[in-house]
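The values are calculated or read from the model by the stated rules, or taken from the named source; none is laboratory data. Here the structure is a predicted model, which is why all the values come from computation and not from measurement. Virtual Cβ from ideal backbone geometry, glycine too; neighbours counted across all protein chains shown. These area figures cover heavy atoms from the full protein model, side chains too; ligands, DNA and RNA do not enter into them. Shrake-Rupley method; radii C 1.70, N 1.55, O 1.52, S 1.80 Å.
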Amino acid sequence: MTFLPETGYVPTAEDRASLDAWFAEYDARSARRDVAGMADMAVFPLNLVSDDEAGDGRSAQWDRERFVAVMTGVMGEGSEDITFESTRTPVFLSPSMAVVFTDSTMTAGDEKRTLRYADILIRRGGTWAFQTMIQSGWGDHL
């Protein structure tokens, strides 16, 4: 059982539904390798936090062009869709800020990869967007 921290804000059913809908759309774009569409769902400059092979923490800020270039390389080429099976645990800090922890299995063809990461999302004008991506093991590529 996961115990969420007390943030002082109790999300509404609409808060959770809107965040779930946002992730469903993001996952659909990811499955199609629609990197430009994924970028449309971000706020730039985008913050990235990771660690490197030496165990040191790293961070960077990417503009849209860098995000598209790197994610195109990460997502790879191919005609087959990528599937994601994800469990997400959002921690709402307010109606417009959430930290979302994700455990996911990504499948592309016969290859499966287990992922654990966190995103910080903000809601502006009723629409969620990711602003910070946090995942271990990418620091050497930032």
Every listed condition ((1) open to solvent by 60 Å² or more (accessible area, probe 1.4 Å); (2) modelled with pLDDT of 95 or more) holds for L121 save (1)
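Checking the structure you have, find out if any residue of the stretch 50-61 is within 20 Å of I122 (Cβ to Cβ) and within 14 Å of the chain's Cα centre (by Cα).
Restricting attention to the stretch 50-61, the residues satisfying the condition of being within 20 Å of I122 (Cβ to Cβ) are 59-61.
Subset that is within 14 Å of the chain's Cα centre (by Cα): none.
No, the stretch 50-61 contains no residue that is within 20 Å of I122 (Cβ to Cβ) and within 14 Å of the chain's Cα centre (by Cα).
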With the first residue restricted to the stretch 127-142 and required to be closer than 9 Å to D51 by Cα, and the second required to be open to solvent by 80 Å² or more (accessible area, probe 1.4 Å) and basic (K, R), Cβ contacts under 7 Å at 6 or more apart or on different chains are G139/R58
Hey, could you check the stretch 106-118 for residues that are among the hydrophobic types (A, V, I, L, M, F, W, C) and in contact with a Phe, Trp or Tyr (Cβ under 9 Å, 6 or more places away or on another chain) and say which is surrounded by the most Cβ atoms within 10 Å (Cβ to Cβ)? M106
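Scan the stretch 97-127 residue by residue and report those that are over 16 Å from the mean Cα position of the chain (by Cα) and of a type in the set (G, A, S). Steps first, answer last, please.
Pass one, the stretch 97-127, residues over 16 Å from the mean Cα position of the chain (by Cα): 107-112, 124-126.
Residues satisfying the conditions are A108, G109, G125, G126.
On the basis of being among the hydroxyl-bearing types (S, T, Y) and surrounded by 15 or more Cβ atoms within 10 Å (Cβ to Cβ), does S59 make the cut? Break it down stepwise before answering.
Values: among the hydroxyl-bearing types (S, T, Y): yes; surrounded by 15 or more Cβ atoms within 10 Å (Cβ to Cβ): no.
No.
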Can you pull out every residue in the stretch 62-103 that is open to solvent by less than 30 Å² (accessible area, probe 1.4 Å), small (G, A, S) and in contact with a strand residue (DSSP E or B) (Cβ under 6 Å, 6 or more places away or on another chain)? A98
Out of D27, D52, report the one residue that is closer than 17 Å to D119 by Cα and surrounded by 11 or more Cβ atoms within 10 Å (Cβ to Cβ). D27
Would you check which residues across the stretch 63-108 are closer than 14 Å to D27 by Cα and in contact with a Gly (Cβ under 9 Å, 6 or more places away or on another chain) and list them? I82, A108
